[in-house]
């Protein structure tokens, strides 16, 4: 698995451990929701992840969440398993680098 470098504003360093823990829980919840095919809950949680991830600089995670949200809203469950798998793999491969912005 190749590593993904994510640059985060050093001012956010104290907040990142909780952010990471919360996203791990969210991804696990998404996996459960995909198994249940709960498209409404998937859409809502993916929307939350999309905004939170973008706000902290996790742009690829935000993009994956946006795709998941769009699919769920459209009633298309076919890509959801693959998208949540990509989210998990991506999130596990992130190397966080704090930078002064």
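The values are calculated or read from the model by the stated rules, or taken from the named source; none is laboratory data. None of the values given here were measured: they were computed from a predicted structure. A quick note on method: Cβ atoms are made from the backbone with ideal geometry, for glycine too, and the neighbour counts reach across all protein chains shown.
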Subject >> Any chance residue 81 is surrounded by fewer than 17 Cβ atoms within 10 Å (Cβ to Cβ), part of a helix (DSSP H, G or I) and within 11 Å of the chain's Cα centre (by Cα) >> reply: no
Original post:
Applying the selection to the stretch 84-101, what residues are surrounded by fewer than 12 Cβ atoms within 10 Å (Cβ to Cβ) and either in a strand (DSSP E or B) or modelled with pLDDT of 95 or more (or both)?
Top reply: 95, 97, 99
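Within the stretch 1-38, track down each residue that is surrounded by fewer than 14 Cβ atoms within 10 Å (Cβ to Cβ), part of a helix (DSSP H, G or I) and free of Cβ contacts under 8 Å to residues at least 40 places away in the same chain.
If we filter the stretch 1-38 for residues that are surrounded by fewer than 14 Cβ atoms within 10 Å (Cβ to Cβ), which is where we start, we get 1-3, 5, 7, 10-11, 13-15, 17-18, 21-22, 24-25, 28, 32, 35-37.
Subset that is part of a helix (DSSP H, G or I): 10-11, 17-18, 21-22, 24-25, 28, 32, 35-36.
Across the stretch 1-38, the qualifying residues are 17, 18, 21, 22, 25, 28, 32, 35, 36.
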Subject >> Within the stretch 45-78, considering residues that are more than 13 Å from the chain's Cα centre (by Cα) and assigned to a helix (DSSP H, G or I), the one surrounded by the most Cβ atoms within 10 Å (Cβ to Cβ) >> reply: 72
